[in-house]
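Novice: The structure under discussion is supplied below as structure tokens; questions concerning it will follow.
The values are calculated or read from the model by the stated rules, or taken from the named source; none is laboratory data. Treat the numbers as computed from the prediction; the structure is a model and nothing was measured. Because the Cβ atoms are built from the backbone with ideal geometry, glycine has one as well, and the counts that use them run over all protein chains shown.
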Amino acid sequence: MSRPILLEICSILMLSIINGAKPKLCIRGCDLALASYTFSRYSNLSYVADLMHTTPQSILLYNPQIPNVNYVVTGERANIPFKCDCIGDGDFLGHVFEYNVRSGDTYEAVAAGAFANLTTPEWLRRFNVPDHGGKLNVVVNCSCGDTRVSREYGLFVTYPLARGEGAEAVARGLGLGRSW
Ligand SMILES: *[C@@H]1O[C@H](CO)[C@@H](O)[C@H](O)[C@H]1NC(C)=O
Ligand SMILES: *[C@@H]1O[C@H](CO)[C@@H](O)[C@H](O)[C@H]1NC(C)=O
Ligand SMILES: *[C@@H]1O[C@H](CO)[C@@H](O)[C@H](O)[C@H]1NC(C)=O
């Protein structure tokens, strides 16, 4: 971490101590984070691209294992690029996706189905009022890497664990098997 940023963090911490405010957990976000999205029978690349405000072509850039935009296998994962913001009053790093509610949707279905467990029903409740006018705020957590440290470790992936999945499976899923 370079000196000016360290100083900035120190002075913000000092200020919040003086003001008696809660310390900020983030100061700024970053342009690129990745979300690990598991395809279901109902999702495909164009669906996920729409859902997460990107394009199928941009998704392909972060998924060398996917040969073309029509190739999707149920149960496989893809890295979806998204912008990572510092949310609220420096509360946490995440991104708010606007989701158009469809008939029959529940918080549970939106979290586990459409968003493939990248968010939770609790978080949908927390960031939405009951009468949401057909749109939901869907908050997905993220982290910002430091590309000055290394290209690989400069990118962080939001990776919802599937039932029974441990660190080994995660490493395999990310293609990091050999370096771990
Ligand atoms: C992709 O998924 C959406 C949502 O399930 C569906 O409406 C659409 O027909 C699918 N497109 C293709 C090319 O399979
Ligand atoms: C989300 O988690 C639930 C419960 O573990 C699981 O049944 C569902 O298949 C998961 N969704 C996806 C898209 O993997
Ligand atoms: C996001 O991260 C916070 C802690 O950093 C955690 O409490 C929360 O459950 C996470 N939300 C989701 C939807 O994963």
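Novice: Of the numbered conditions (1) surrounded by 13 or more Cβ atoms within 10 Å (Cβ to Cβ); (2) under 18 Å from residue 124 (Cβ atoms); (3) within 16 Å of ligand 3 (Cβ to nearest atom), residue 105 fails exactly one; give the number of that condition.
Specialist: The single condition residue 105 does not satisfy is (3).
Novice: If you go through the range 66-109, how many residues are within 16 Å of ligand 1 (Cβ to nearest atom) and either assigned to a loop (DSSP other than H, G, I, E, B) or modelled with pLDDT under 95 (or both)?
Specialist: Residues in the range 66-109 being within 16 Å of ligand 1 (Cβ to nearest atom) and either assigned to a loop (DSSP other than H, G, I, E, B) or modelled with pLDDT under 95 (or both): 16 in total.
Novice: Can I ask one more? Determine whether the range 110-131 contains at least one residue that is more than 13 Å from the chain's Cα centre (by Cα) and hydroxyl-bearing (Ser, Thr, Tyr).
Specialist: Scanning the range 110-131, I find no residue that is more than 13 Å from the chain's Cα centre (by Cα) and hydroxyl-bearing (Ser, Thr, Tyr), so the answer is no.
Novice: Looking only at the range 16-65, filter to residues that are among the hydrophobic types (A, V, I, L, M, F, W, C), assigned to a loop (DSSP other than H, G, I, E, B) and modelled with pLDDT of 95 or more; which one of those is nearest to ligand 1 (Cβ to nearest atom)?
Specialist: Taking the range 16-65 as the starting set, the residues that turn out to be among the hydrophobic types (A, V, I, L, M, F, W, C) are 17-18, 21, 25-27, 30, 32-35, 39, 45, 48-49, 51-52, 59-61.
This time we only want the ones that are assigned to a loop (DSSP other than H, G, I, E, B), so: 21, 25-27, 39, 52.
Within this subset, residues satisfying the condition of being modelled with pLDDT of 95 or more are 39, 52.
Working: 39: 10, 52: 14 Å.
Filtering the range 16-65 for residues that are among the hydrophobic types (A, V, I, L, M, F, W, C), assigned to a loop (DSSP other than H, G, I, E, B) and modelled with pLDDT of 95 or more, the one nearest to ligand 1 (Cβ to nearest atom) comes out as 39.
Novice: When both residues are 6+ apart or on different chains and their Cβ atoms are under 7 Å apart, which pairs have a first residue that lies in the range 58-87 and is loosely packed, with under 11 Cβ neighbours inside 10 Å, and a second that is not acidic (Asp, Glu)?
Specialist: What qualifies is 73/39; 75/38; 75/39.
Novice: Here's something else I'd like to know. Among the residues of the range 114-134, which ones are in a loop (DSSP other than H, G, I, E, B), within 14 Å of ligand 2 (Cβ to nearest atom) and of a type outside the set (Phe, Trp, Tyr)?
Specialist: Within the range 114-134, 116, 117, 118, 119, 120 meet the criteria.
Novice: Here's something else I'd like to know. Being of a type in the set (A, V, I, L, M), crowded, with 20+ Cβ neighbours inside 10 Å, within 23 Å of residue 156 (Cα to Cα) and touching a residue at least 40 places away in the same chain (Cβ under 8 Å): is that true of residue 96 here? Before you say what the answer is, go through the steps one by one.
Specialist: Working: of a type in the set (A, V, I, L, M): yes; crowded, with 20+ Cβ neighbours inside 10 Å: no; within 23 Å of residue 156 (Cα to Cα): yes; touching a residue at least 40 places away in the same chain (Cβ under 8 Å): yes.
No: the conditions fail for residue 96.
Novice: From the list 145, 175, 134, 154, which one is modelled with pLDDT under 80 and either within 16 Å of ligand 1 (Cβ to nearest atom) or out of contact with any Gly (no Cβ under 7 Å at 6 or more places or on another chain) (or both)? Let's see the steps before the verdict.
Specialist: Details: 145 fails: either within 16 Å of ligand 1 (Cβ to nearest atom) or out of contact with any Gly (no Cβ under 7 Å at 6 or more places or on another chain) (or both); 134 fails: modelled with pLDDT under 80; 154 fails: either within 16 Å of ligand 1 (Cβ to nearest atom) or out of contact with any Gly (no Cβ under 7 Å at 6 or more places or on another chain) (or both).
When all the criteria are applied, what remains is 175.
Novice: How many of the residues making up the range 106-125 are among the charged types (D, E, K, R) and without any contact (Cβ under 8 Å) to a residue 12 or more places away in the chain? First the steps, then the outcome.
Specialist: In the first step, residues of the range 106-125 are kept if they are among the charged types (D, E, K, R); the result is 108, 122, 125.
Then keep just the ones that are without any contact (Cβ under 8 Å) to a residue 12 or more places away in the chain; that gives 122.
Selection size over the range 106-125: 1.
Novice: Only residues that are free of Cβ contacts under 8 Å to residues at least 40 places away in the same chain and surrounded by fewer than 17 Cβ atoms within 10 Å (Cβ to Cβ): list them for the range 37-53, please.
Specialist: Of everything in the range 37-53, those that are free of Cβ contacts under 8 Å to residues at least 40 places away in the same chain and surrounded by fewer than 17 Cβ atoms within 10 Å (Cβ to Cβ) turn out to be 41, 44, 46, 47, 50.
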